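What follows is one structure encoded as C-alpha cells, with my remarks underneath.
Derivation of every value follows stated rules applied to the coordinates shown; laboratory data play no part. Keep in mind that this is a model prediction, so the values were computed, not measured. When we count neighbours, we look across all protein chains shown, and the Cβ atoms used for this are built from the backbone with ideal geometry, even at glycine.
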Amino acid sequence: MAVLALFLFALACEPAREEVETICLPVNMSITLIQGTQTSKIIADFHYLPETEQLDHITWSNHQTHYFEYDVSDRIRVVRAMKVDVKVQEERWFVYDGLLVERIDLVKRNLDYTYLEPIDSIYTGYVEYEYEGENIIEESEYEISAGGYREEYVRNVTYEYDSRGNLLSCTEMDPRSGETNHKTMTYDQSKHPYFALQYYFNGESFVNNMLSRSEEEDFDYTYELLLNDHEYPETIYEKLGSSYTRIINYSYQCQ
C-alpha cells in the first residue's frame, strides 16, 4: 500500500462533471524508482466488476493482490491486501456515518503456507476520521497490542484546504514522541489518475496532480506531468533531491 498511497472519499478538488465528459478508468500503472545507481520497477493491473466502474482487484508485480468488497449500497466494505511473499493478509474494514467513512478497522490474518487460506485473525487497530463538510480534516490512528490488552495512539494527521477543496497542507504527528512533519502542496486543475474511482482517502493521493511540494526538511522537489487527450495523467516525473527519481506511467479504458 505504501507505493500507491492509494484512495477513498474526500476526493479533494474533484471538478464538476459534464454529461459529455469522457471518464477514464486506470487499467495499468507502472512505477520506476531510481535511487542512486539502483533502479526498480513495480507494475499494477486494475480489474473491474463486469459492467461497472467498481474495482474488483488490483494485482501487483511485488507479490500483492488487493481485493475489494462492497455493501448493498455499493460502498466499499473491505479491502483485503494479500501479500503472498510474507504470507499475510491485511484488511481495512470501513464503518460509515451516512456516506462518509467514520472509522476504518485494521485486521491482520496470517496465511497458510501452501493454500494461502487465513489461519487466524488479529485486530491490530483502527483509524478515525473527522470532517469539515466532505473534506477530511483530521485522522487519528490507534494500535492494539499483540495480546489485545493495550491501545496506543500512534499517529495524527491534520489537513488544510482552500475554498475550492484543494488540499494545501498536511501535518503528521507522532503522539508518542511529539515529532511532526509538515508538508505544503500546490496542484494543477487537471484530473488525477483515480478521478473516476471510489477509493479510500490517503492524504494527497486523491487531490489533483501535484505541482509543488515543500517539507520542513530542505528537499529539492521537482515534478513534471504529461496528460493524455482526455486530460488524465499519462506520465508523471518526480525528483526528490539529487538521487531519487520516480516515473509513473498510466494506461486507461475510457468511455
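What is the magnitude of the charge dipole of segment 123-179 about its Cα centre, with +1 placed on the Cβ of each Lys and Arg, -1 on the Cβ of each Asp and Glu, and no other charges, expressed in debye to the nearest 20?
So the magnitude is around 140 debye.
Taking a ≥ b ≥ c as the square roots of the eigenvalues of the Cα gyration tensor of segment 26-254, is the shape rounded (a/c under 1.5), prolate (a/b larger than b/c) or oblate? Kindly include the intermediate steps, with their values, before the conclusion.
Working: a/c = 1.34, a/b = 1.17, b/c = 1.15.
Rounded.
Kindly identify segment 41-106 as rounded, prolate or oblate by the Cα gyration tensor criterion: order the square roots of the eigenvalues as a ≥ b ≥ c, call it rounded if a/c is under 1.5, otherwise compare a/b with b/c, prolate if a/b is larger, else oblate.
Verdict is oblate for segment 41-106.
What full-extension length gain, to one decimal in nm, is calculated for ILE23 and ASN110 as 0.36 nm per residue of separation minus the Cα-Cα distance?
Contour length minus Cα-Cα distance gives 27.5 nm.
Given a Förster radius of 45 Å and the C-beta distance between VAL84 and ASP162 as r, what FRET efficiency does 1/(1 + (r/R0)^6) yield to the nearest 0.05?
0.60
Measuring from label point to label point, each 7 Å out along Cα→Cβ, what is the ASP229 to MET173 span in nm?
Placing both labels 7 Å along Cα→Cβ, they lie 5.0 nm apart.
Please report LYS87, LYS183 as a ranked list, fewest other C-beta atoms within 10 angstrom at the top and most at the bottom.
Numbers: LYS87 15, LYS183 18.
With the sparsest Cβ surroundings first, the list reads LYS87, LYS183.
Neighbouring Cβ atoms within 10 Å as the yardstick, rank CYS24, CYS170 fewest first.
CYS170, CYS24
Would you please give the FRET efficiency between LYS41 and ASN181, computed as 1/(1 + (r/R0)^6) with r the Cβ-Cβ distance and R0 = 25 Å, to the nearest 0.05?
0.35
Order these by the 10 Å Cβ neighbour count, fewest first: TRP93, TRP60.
Going from sparsest to densest Cβ surroundings: TRP93, TRP60.
From Cα pairs below 8 angstrom and at least 6 apart in sequence, can you work out the relative contact order of segment 34-82, rounded to a whole percent?
24
Would you list which lysines come within 26 Å of LYS41, measuring only between C-alpha atoms, while excluding same-chain residues fewer than 8 positions from it?
Cross-link targets: LYS83, LYS87, LYS191, LYS239.
Where in segment 91-109 does the amide nitrogen come within less than 16 Å of the point 7 Å from the Cα of ILE122, taken along Cα to Cβ?
91-92, 106-109
What nm distance separates the two modelled labels at SER145 and THR222, each placed 7 Å from Cα along Cα→Cβ?
Inter-label distance under the simple model: 5.0 nm.
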